[in-house]
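The values are calculated or read from the model by the stated rules, or taken from the named source; none is laboratory data. No experiment lies behind these values; they were computed from the predicted model shown. Here the Cβ positions follow ideal geometry from the backbone for every residue, glycine too, while neighbour counts run over all protein chains shown. Keep in mind that these areas ignore ligands, DNA and RNA; they rest on the heavy atoms of the full protein, side chains included. Shrake-Rupley method; radii C 1.70, N 1.55, O 1.52, S 1.80 Å.
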2 protein chains.
Amino acid sequence: VLKAVCPKPFLNVLDGKRQSVPPVWLMRQAGRYLPEYRELRAKTESVLDLCFSPKLAAEVTLQPIRRFNFDAAILFSDILVIPHALGRRVRFVTGEGPQLDPISEPSIVAKMRDKADRTILAPIYETIALVKAKLPAQVGFLGFCGAPWTVATYMIAGEGTPDQAPARLFAYRYPESFAQLIDILVDASVEYLTTQFKAGVDAVQIFDTWAGVLPPDEFVRWSVVPTERIINGVRREHPGARVIGFPRGAGTMLENYVGALKLNAVGLDWMIDREFARECIQSRVAVQGNLDPLALVAGGAALDREVDAVLEAFSSGLFVFNLGHGILPQTPLEHVERMLKRVRGA
Amino acid sequence: VLKAVCPKPFLNVLDGKRQSVPPVWLMRQAGRYLPEYRELRAKTESVLDLCFSPKLAAEVTLQPIRRFNFDAAILFSDILVIPHALGRRVRFVTGEGPQLDPISEPSIVAKMRDKADRTILAPIYETIALVKAKLPAQVGFLGFCGAPWTVATYMIAGEGTPDQAPARLFAYRYPESFAQLIDILVDASVEYLTTQFKAGVDAVQIFDTWAGVLPPDEFVRWSVVPTERIINGVRREHPGARVIGFPRGAGTMLENYVGALKLNAVGLDWMIDREFARECIQSRVAVQGNLDPLALVAGGAALDREVDAVLEAFSSGLFVFNLGHGILPQTPLEHVERMLKRVRGA
């Protein structure tokens, strides 16, 4: 009996089959650097409205696939839809980023609802079905959520901060209350990702954007363990569900992260020592990354040099080409094209 | 012939002699968490005025020694005195941090003065002489400068930013101009630290606060190599000059950093994997750090646990107890006392 070969290069890498030309997609590829995104975004009130409008969100998800023929589409959504569905009202203020009512003390966590409102999230699963129906056969489809630690940092501070001091301090002062918040987020994330799989995604990525600010013990407690619980929860419903973890800034802790978690791939930020990543990480699991988003903004010789360094380090193993963080709004489209040509050798 | 034993525990560690009770000092120990500092600071126009007023700066340097009997005093100054002395006017705006005229293009670097104005820096060496005369015999005296990369990030952006994107982008776009700026900063730093040693400091620390945002090749080029040139330059004048390097956020790149540089100690931030730091770093050079400054703000059981974890990881080797970053203004004095008792076993 011949096992069917998946025609999606991105999924092949996640399934342990190296591709001679690495599949490519970019974090935040459905976003502000695209004129067609900005045009569509201008017609909606806020980012959250866009996330909850299936037709528009599906269109935005597909835009970068049409333009650049990326190997994966990532659902257009936001990691803060989960707090929103948990009753912590999220607003996106133009130019200032997300705003929520901060969580200043344990009593707020104690009074929080412990299940996400399914009606609020329902449009997202509709988006997935719409995208799925239109996606070219060779393109993988990625769902996602924020890791509980990262989502909690926004819920506690009520906004983005440079070092997530409010959440770190809350976790030191009220470890039981913080654990309760993390528990709520783990449960909500399991249901959210499980339903994403049911709706049609091929894999999910768990974004732990702020993992890097945690000291080692807290990293294990608040990043690794909750992520493990999410993966186990999702795979109870969907055995073999493909999961990519991305603990940005984990540095030396990345080895513990991939050692503890059964991942299909791990995201590499742009700061990681590539020799360490190849020898200690890629030897155990597929890696995805790690071009500096600013090299893509800069373009020219600097971009070529950085693309080559990424390829040289990782293309001999299981590898998905990507950025080390989201694509920046000021990135010129020509630079994305130049990068793609270089990666695909066209 | 008996070699004289240095009575300063801090210097003993830097000289390779482990102390049974680790010496302790705190980054930014002369600062806003101290009521006596705030009182004195209120009498001066700006932080820069305070840096350039020898009597006041000496007093501020000594305040934390009097109150806490720390094992090292660190010169009260600011890493931005060097750009100031290079003619890039620095202002400190209350609540907003430092502001400089940004460097937006290579022509500005080309027109910059290439030597720091000695008259501007002269008061700092006076401060050193005043402190030296009053410092208890067992207290080490530490001078410092910012590493060229970190100083350049402020000079280019004209302010602090969360990820130093402006400097990273400038370095990608104009590598030759950026190298010229780094050269100017290397030369100015060599003269600055050399003169600090002449004035009486026992050791210097090179703060590379923003090393962690650099991709690996850029880390070597803009952090490691310029730091090496500074160390070599200083030791040409002062052979055996003691140097501590502190590349905050270096993560997996820390091994390359300590491998390339002849340091007396290396600073560890609060995010580093302690097992990695003990096995790969402390086995080669003394380490200094790495308590999370937020644990010191939190106090209580969380503080005790974190202090114990730091001691357990590092106190069997060459070790200076410190924070993993500067002490925060909101840190209660009682927490510092509690931490000191625990470290000193009193």
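Beyond 28 Å, what share of the Cα-Cα pairs of chain B is found? Please give it as a whole percent.
Considering chain B, 39 percent of its Cα-Cα pairs are separated by more than 28 Å.
What ³J(HN,Hα) values, in whole Hz, does the Karplus curve 6.51 cos²θ - 1.76 cosθ + 1.60 give for the stretch A:282-296 when θ = phi - 60°, with x put for Gly and Pro?
For the stretch A:282-296, the Karplus-derived couplings read 5, 5, 10, 7, 4, 10, 9, x, 10, 4, 5, x, 6, 5, 6 Hz, x marking Gly and Pro.
Taking Rh as the Kirkwood radius, which is the inverse of the mean 1/r over Cα pairs, what is the Rg/Rh value for the stretch B:145-242?
A ratio of 0.99.
List every residue whose amide H lies under 5 Å from the amide H of A:Gln205, counting only residues 5 or more places away in sequence or on a different chain, with H placed 1.01 Å from N in the peptide plane.
A:Gly143, A:Phe144, A:Cys145, A:Ile244
Report, largest value first, the span of the C-alpha coordinates of the protein assembly as shown along each principal axis, in whole Å.
Projected onto its principal axes, the Cα set of the protein assembly as shown covers 84, 55, 50 Å.
Probe of 1.4 angstrom, ligands and nucleic acids ignored: what's the accessible area per residue over chain B, in square angstrom?
About 38 Å² of surface per residue is accessible.
What list of ³J(HN,Hα) couplings, whole Hz, do you get for the stretch A:43-53 from phi and the Karplus terms 6.51, -1.76, 1.60, once you set θ to phi - 60° and write x for glycine and proline?
My calculation for the stretch A:43-53 gives 8, 10, 5, 8, 4, 5, 4, 5, 4, 9, 10 Hz in order.
Can you give the relative contact order of the stretch A:216-346 as a percent, counting alpha carbon pairs under 8 Å and 6+ residues apart?
21
In the stretch B:262-293, which residues become less accessible by 10 Å² or more once every protein chain is in place, relative to the chain on its own, using a 1.4 Å probe?
Going by heavy-atom accessible area, the residues of the stretch B:262-293 that drop by at least 10 Å² are B:Trp270, B:Met271, B:Ile272, B:Asp273, B:Arg274, B:Phe276, B:Asp292.
Near A:Val285, within a Cβ-to-Cβ distance under 15 Å, what is the net charge of the other residues, with Lys and Arg +1 and Asp and Glu -1?
The answer is +2.
Nearest 10 degrees, 0 to 90: what angle lies between the long axis of helix A:300-314 and the longest principal axis of chain A (Cα atoms)?
80
Taking each label point as 7 Å beyond Cα in the direction of the beta carbon, state the distances from B:Gly345 to the same residue in the other copies, shortest first, in nm.
6.3
Can you work out which chain B residue has the shortest Cβ-to-axis distance for the rotation that carries B onto A, and give it in Å?
B:Gly251, 1
Which cross-chain or sequence-distant (5 or more) residues have an amide H under 5 Å from the amide H of B:Asp292, H modelled 1.01 Å from N in plane?
It is B:Gly324, by chain and number.
How much net charge surrounds A:Phe92 when only the other residues with a Cβ under 12 Å from the Cβ of A:Phe92 are counted, with Lys and Arg +1 and Asp and Glu -1?
-2
Hey, what angle do you get for helix A:225-237 against the long axis of chain A, alpha-carbon based, 0 to 90 degrees rounded to 10?
70
Which of these, A:Cys145, A:Cys51, A:Cys280, has the largest mean-square fluctuation under a Gaussian network model of chain A (Cα springs below 10 Å)?
Result: A:Cys280 has the largest fluctuation of those listed.
With the full set of protein chains in place, find how many percent of the accessible area of the stretch A:210-346 is carbon and sulfur; take the probe as 1.4 Å.
Here it works out to 48 percent.
Using a basic spin-label model with each label point 7 Å from the Cα along Cα→Cβ, how many nm lie between A:Val21 and B:Gln330?
With each label placed 7 Å out from Cα toward Cβ, I get 5.3 nm.
Every other copy gets compared here: list the nm distances from the B:Lys134 label point (7 Å along Cα to Cβ) to its counterparts, shortest first, one decimal.
For B:Lys134, the other copies' label points sit at 7.2 nm, shortest first.
Along the principal axes of its C-alpha atoms, what lengths does the stretch B:193-316 span, in descending order and rounded to whole Å?
Ordered largest first, the stretch B:193-316 gives principal extents of 47, 36, 25 Å.
Considering only the other residues whose Cβ falls under 12 Å of the Cβ of B:Ala57, what net charge follows from Lys and Arg at +1 and Asp and Glu at -1?
-2
Shortest first, in nm, what separates the label point of B:Asp304 from those of the same position in the other copies (7 Å along Cα→Cβ)?
The answer, with the shortest distance listed first, is 6.2 nm.
For A:Leu86, what residues show an amide H to amide H distance below 5 Å, using hydrogens built from the backbone and excluding near sequence neighbours?
Amide H neighbours of A:Leu86: A:Asp117.
Of the residues A:Gly87, A:Gly259, A:Gly95, which exhibits the maximal mean-square fluctuation in a Gaussian network model of chain A defined by a 10 Å Cα contact cut-off?
Answer for the Gaussian network model of chain A: A:Gly95.
Over chain A, what is the mean sequence separation of C-alpha contacts under 8 Å (at least six apart), divided by residue count, expressed as relative contact order in percent?
Across chain A, relative contact order equals 20 percent.
Could you tell me the total accessible area buried at the B-A interface, probe 1.4 Å, in square angstrom to the nearest hundred?
In total, this chain pair buries about 2700 Å².
Report, in deg cm²/dmol and to the nearest 500, the calculated mean residue ellipticity at 222 nm for the protein assembly as shown, where each DSSP H run with n ≥ 4 adds -39500 (n - 2.57) and the sum is divided by the residue count.
So the helix-based figure for the protein assembly as shown works out to -13500 deg cm²/dmol.
Helix B:148-157: angle to the longest alpha-carbon principal axis of chain B, degrees 0 to 90, nearest 10?
It works out to around 50 degrees.
Using only Cα positions of the stretch A:13-172, each an equal point scatterer, no hydration layer, compute I(q)/I(0) via Debye at q = 0.13, 0.20 Å⁻¹ and quote the log10 values to two decimals.
After summing over all Cα pairs, the log10 values are -0.71, -1.28.
Need one value for B:294-304: mean number of C-beta atoms belonging to other chains within 10 Å of its residues' C-beta atoms.
Partner-chain Cβ atoms within 10 Å, mean over residues of B:294-304: 4.
What are the ³J(HN,Hα) couplings of the stretch B:92-108, residue after residue, when phi is run through the Karplus curve with 6.51, -1.76, 1.60 and θ = phi - 60°? Round to Hz, x for glycine and proline.
So the Karplus estimates, Gly and Pro as x, are 9, 9, 3, x, 10, x, x, 10, 9, 5, x, 9, 9, 7, x, 4, 5 Hz.
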